[in-house]
Amino acid sequence: MNIQIYVTKGNPDVLKAERFFKERKIPVQRIDIKKHKPGRRELELFARAAGSARALVDRQGMKALERPVAHMTDDNLILSELQNDPMALLSPIVRNGQKITVGVDEQAWLQWIKENS
């Protein structure tokens, strides 16, 4: 398993994801999306996994709602905006090769572990 967790600082869901894998002694690669912005293809992959680009946008709290992307509906515009402002991404985004989850999804992660055993 090659687990990558795309993170933003101060997010309790990121801590849940990291703890989940740590408890199972599965190494993870932490990717700070502020320092290492996802590219367009990567964002498109995330959007397919989430069902749409709209599902990638953090809309929790006043700070998130101040971002223009929180009010967009067109997937192409959202992906372009997320390239410029990756801090608007919902996190954690957890990637295991081509398999991706957006947010905390312990059932999917357990399935990954089962498939890897």
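Numbers at a glance
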item: Positions within region 83-93 being within 8 Å of the chain's Cα centre (by Cα), closer than 17 Å to Glu44 by Cβ and either polar (S, T, N, Q) or in a strand (DSSP E or B) (or both), in sequence order; result: Leu89, Ile93
item: Breaking point among (1) under 19 Å from Gln4 (Cβ atoms); (2) at pLDDT below 90, for Leu65; result: (1)
item: Elements of type helices (runs of 4 or more DSSP H) in region 1-82, at least 1 residues being out of contact with any helix residue (DSSP H, G or I) (no Cβ under 6 Å at 6 or more places or on another chain), free of Cβ contacts under 8 Å to residues at least 12 places away in the same chain and within 24 Å of Gln111 (Cα to Cα); result: 12-23, 40-50
item: Filter result for His71 (surrounded by fewer than 18 Cβ atoms within 10 Å (Cβ to Cβ) and over 15 Å from the mean Cα position of the chain (by Cα)); result: yes
item: Any hit, region 79-92, residues being out of contact with any Pro (no Cβ under 6 Å at 6 or more places or on another chain), closer than 26 Å to Asn116 by Cα and surrounded by 19 or more Cβ atoms within 10 Å (Cβ to Cβ); result: yes
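The values are calculated or read from the model by the stated rules, or taken from the named source; none is laboratory data. Just so you know, these numbers come straight off a predicted model, no measurement behind them. All Cβ positions, even for glycine, are placed from backbone atoms using ideal geometry, and neighbour counts span all protein chains on display.
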